[in-house]
Amino acid sequence: MAIGRGTRMISAPIVVVLTVLLAGCATSAKSAVPETIPNISTTLSPAPPSPPTRVASNVPMKRLAPGEKPPQFILFSFDGVGVSKNWDLFLRTAAESDARFTALMTGLYFLTDTKKRQYRGPGYKPGEAAIGFGGSKKEVIEEITYLNRTWYDGHEMGTHFVGHFCAGTKNPGKSWTSAEWRHELAQFFRLMTQWRELNGIRTGPDLAFGPEAVKGARTQCLEGSMKALFPALRAYDMMWDSSMPASRPGVYWPSKINGIWEFPVPYVWSPALKQRQTALDYNFWYSVNKATDRPADRARIARVVTSTYDYMLRRAYEGNRAPLVIANHLNTWNTNAFNPATAAFMRRACTKPEVICATHQDVIAWMELQDPAVLKKWRSMAPVAVDAHH
């Protein structure tokens, strides 16, 4: 699924060179020859600009006392993150509501269209992919600029892998072995770290973070199995995944499975649809009109999304306080029906008392601070938002 790309560029900082002109003249009334101090013109070289300071975590890292209620965490994430007006929307909304989110990067966007053969997916020829590459050099630089803005604003960087090979392609992710997932991750990190050399790009900003920042993933189309995927994630020192089908309906506390924290996209009751629903924007779209671009359905889609998210939050907030996974794309599907509705929910939910819209890494760090017995108790609590009554 291709991500829409905008054309707005971020202006480079303007460096002001300060020129100080020192001039003076002194004379003596008793001297027949005036004494003159010559003009001195001195140009000071500017100091190199300091890198921006990354916004700090918004999660209080403390161990709760027995019986103390945990905060209500919400985990917003966006698959693919190609340049889009919706990226600006969520950066702005998150800043206004002290929210953090996770940007899941697609490796294709580190490559220009002319350099697409630098990528080779598992079982594919060089340059083959199911969605588009990064466009021109200017567009790749714009992508890097947005990624840097996101990083410095305190958000988390994850991977959405590279080729986006889903069911219907000749070798979809659901069929990949662990070796093939390792190959795909190797391709991702190569594109992420060598994008300048691979594209011949010498201008624009460097990427502000490295592979060590990437600790989590969501597979394309939620495909793959724990048996195949998790060893590959561990091989790259990753700690979480958000790809597996929910093991049961409702919202419940995540578990650590074979060394990887799993945050499934929840399968919950949707009041507007009057059915259980995988709470992912594309799945909402398919449930409403089979993922058909139908402008007349825009308002209905927005109501479905917001009523489902509000119901999930209310049930969790008043019940088990399990973290909510809100999974989205920045695509403008169905005349951009999804993103304004999700941003409105972010603004409303993240400013609610005892709610923290956080990154996966921070929630993991917070959970690992807690008494294991207390965490086990929370994990044993019944799921919420399972149906219209629970």
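Here are the numbers for the structure shown:
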{"quantity": "Some residue of the range 155-176 being of a type outside the set (Ser, Thr, Tyr), out of contact with any strand residue (DSSP E or B) (no Cβ under 6 Å at 6 or more places or on another chain) and without any contact (Cβ under 8 Å) to a residue 40 or more places away in the chain", "calculated": "yes"}
{"quantity": "Unique match (being closer than 24 Å to Leu280 by Cα and either modelled with pLDDT of 95 or more or outside any strand (DSSP E or B) (or both)) among Ile131, Ile144, Ile201", "calculated": "Ile131"}
{"quantity": "Candidates Arg149, Arg182, Arg196 - the one that is of a type in the set (D, E, K, R) and over 28 Å from Glu262 (Cα atoms)", "calculated": "Arg196"}
{"quantity": "Selection from the range 366-390 of residues that are open to solvent by 40 Å² or more (accessible area, probe 1.4 Å) and of a type in the set (A, V, I, L, M)", "calculated": "Leu369, Ala373, Met381, Ala382, Ala388"}
{"quantity": "Residue within the range 150-167 that is more than 22 Å from Asn328 (Cβ to Cβ), at pLDDT 95 or above and open to solvent by less than 30 Å² (accessible area, probe 1.4 Å) present", "calculated": "no"}
{"quantity": "Among the candidates Ala179, Ala186, Ala130, Ala213, residue that is surrounded by 18 or more Cβ atoms within 10 Å (Cβ to Cβ) and aliphatic (A, V, I, L, M)", "calculated": "Ala130"}
{"quantity": "First in the range 364-376 and of a type in the set (Val, Ile, Thr), second anywhere and open to solvent by less than 70 Å² (accessible area, probe 1.4 Å), Cβ under 7 Å, 6 or more apart", "calculated": "Ile364/Met239; Ile364/Trp240; Ile364/Trp261; Val374/Leu64"}
{"quantity": "Any hit, the range 22-32, residues being open to solvent by 90 Å² or more (accessible area, probe 1.4 Å), at pLDDT 65 or above, more than 22 Å from Thr306 (Cβ to Cβ) and assigned to a loop (DSSP other than H, G, I, E, B)", "calculated": "no"}
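Residues are listed down the side, and each one gets a yes or a no for (1) touching a Cys at 6+ places or on another chain (Cβ under 7 Å); (2) surrounded by fewer than 24 Cβ atoms within 10 Å (Cβ to Cβ):
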site: Arg63; (1), (2): no, yes
site: Pro66; (1), (2): no, yes
site: Lys69; (1), (2): no, yes
site: Ser97; (1), (2): yes, yes
site: Met105; (1), (2): no, no
site: Leu108; (1), (2): no, no
site: Tyr124; (1), (2): no, yes
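The values are calculated or read from the model by the stated rules, or taken from the named source; none is laboratory data. No experiment lies behind these values; they were computed from the predicted model shown. Positions of Cβ are backbone-derived with ideal geometry, glycine not excepted, and every protein chain shown enters the neighbour counts. Remember, those area values only see protein heavy atoms, side chains included, never the ligands or the DNA or RNA. Shrake-Rupley method; radii C 1.70, N 1.55, O 1.52, S 1.80 Å.
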